[in-house]
Amino acid sequence: MGILRLAHIDVRTPDLDLAAAYYSEVMGLQTVQRSADTVYFKCWDEEDHHSLRMRYHPRAGMDSFTFRVEAEDDLHEFERKVEAYGCPTTRVSRGEAVGQGESIRFEVPSGQIMELVWDIEKTGNILGKHNPRPTPPPDLPGIAPPRMDHMLVNAEEVAESASFFQEVLGMRMTEQVLDGNGHQLGVWLAGRTNSPHDIAIVNGPNGALHHWAYWLDDWDHIRKAADTLAYNGVQIDQGPTRHGVTRGNTIYFFDPLGIRNEVFTGGYWVDPDTEIITWTEDNFGKGLFYYENVVSQRFLRMHT
Ligand code: M3P
Ligand code: FE
């Protein structure tokens, strides 16, 4: 049993038209479905129904984030384990959410709402499964990432959250940042993927979303993404640069309503027996942004 990977993020935005224009034209996501108050998006190479749900709400923020489990029976097992840890769970039945069947929901120790699901409607990528082309049409608008990659939430007690994700949910820690007293300031965790992180948890206010990131295939696409962002007047937070942690190449920027996005590539391949990498607080600047070696206060303190 286990947590496979990030499936979708559900967020609120105070201007749905503006957000929808940005996520479709500048980020270059596919619009899957739209109603008066909700839009569903996916990336061109994603097989699931959607990876992002945005709904209108006067205050921007995250409703929940959803991971897919490996097998149907895992839901029962995780329900038992999460309850045993002391987090009450609720069942969302088939038909209550668009694009997926039954799921379980609970509040993680740092206050965000997490959902686990197995039954996801598979609508396929835009290439199809019959003699597919290896690339999407060259005229897709915007950055057009092939898929969502990871997300980062804040936690007041990083160690408590980290142990929940490791002990209860069975995720693997790949990297950690420790303060001078050996307390965790940040942890990077992987599901059944070979990625250095599907979710990271960094010290900050409980309940907050720091960012989510889209995968790009190489560094040159990061450069092109920077051009697209600058051309469209998007506020860049940091980069293009490289993380020391994960070794990934990155740019952080803000959507028009102030939610932070990232595009990410590179990093390394993680196997189940890969040893944990530890950073000390005095090297956190390089861990965050290897070239700049800065612990940017805007980067650490701004969140949704
Ligand atoms: C990443 C990443 C913070 C670190 C962020 C790191 C907020 O986003 O992809 O490795 O301290
Ligand atoms: Fe990130």
Does D220 fit the bill of being free of Cβ contacts under 8 Å to residues at least 24 places away in the same chain and more than 16 Å from ligand 2 (Cβ to nearest atom)? yes
Quick check on my filter: what residues within segment 61-94 are surrounded by fewer than 20 Cβ atoms within 10 Å (Cβ to Cβ) and touching a Leu at 6+ places or on another chain (Cβ under 6 Å)? E70
For Q184, only one of the following conditions fails: (1) away from ligand 2 (no atom under 14 Å from the Cβ); (2) at pLDDT below 95. What is its number? (2)
Subset of segment 229-256 (residues that are part of a helix (DSSP H, G or I), more than 15 Å from ligand 2 (Cβ to nearest atom) and crowded, with 19+ Cβ neighbours inside 10 Å): L229
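Residues are listed down the side, and each one gets a yes or a no for (1) closer than 25 Å to A21 by Cα; (2) at pLDDT below 95; (3) among the small types (G, A, S):
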position	(1), (2), (3)
H211	yes, no, no
G239	yes, no, yes
R247	no, no, no
V263	yes, no, no
T274	no, yes, no
H303	yes, yes, no
Please specify each residue of segment 178-193 satisfying the condition of being crowded, with 22+ Cβ neighbours inside 10 Å and more than 20 Å from W212 (Cβ to Cβ). Q184
Going by what's in this entry, would G267 be described as within 11 Å of ligand 1 (Cβ to nearest atom), surrounded by 18 or more Cβ atoms within 10 Å (Cβ to Cβ) and of a type in the set (G, A, S)? yes
I'm told R172 meets every condition in (1) more than 17 Å from H197 (Cα to Cα); (2) out of contact with any Lys or Arg (no Cβ under 6 Å at 6 or more places or on another chain) except one. Can you identify the failing condition by its number? (1)
Segment 19-35: number of residues that are of a type in the set (A, V, I, L, M, F, W, C) and under 20 Å from Y252 (Cβ atoms): 4
Within segment 66-105, work out how many residues are without any contact (Cβ under 8 Å) to a residue 40 or more places away in the chain and under 19 Å from I9 (Cα atoms). 13
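Results for (1) touching a Lys or Arg at 6+ places or on another chain (Cβ under 9 Å); (2) under 30 Å from W219 (Cα atoms); (3) within 16 Å of ligand 2 (Cβ to nearest atom), shown as yes or no for each residue.
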site: L116; (1), (2), (3): yes, no, no
site: T123; (1), (2), (3): yes, yes, no
site: L127; (1), (2), (3): yes, yes, no
site: R133; (1), (2), (3): no, yes, no
site: P141; (1), (2), (3): no, yes, no
site: V158; (1), (2), (3): no, no, yes
site: V168; (1), (2), (3): yes, no, no
If we keep only residues of segment 203-228 that are part of a loop (DSSP other than H, G, I, E, B) and surrounded by fewer than 17 Cβ atoms within 10 Å (Cβ to Cβ), then the residue nearest to ligand 1 (Cβ to nearest atom) is P205
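The values are calculated or read from the model by the stated rules, or taken from the named source; none is laboratory data. Given the structure is predicted, the values throughout are model-derived calculations rather than measurements. Backbone-built Cβ (ideal geometry, glycine too); neighbour counts: all protein chains shown.
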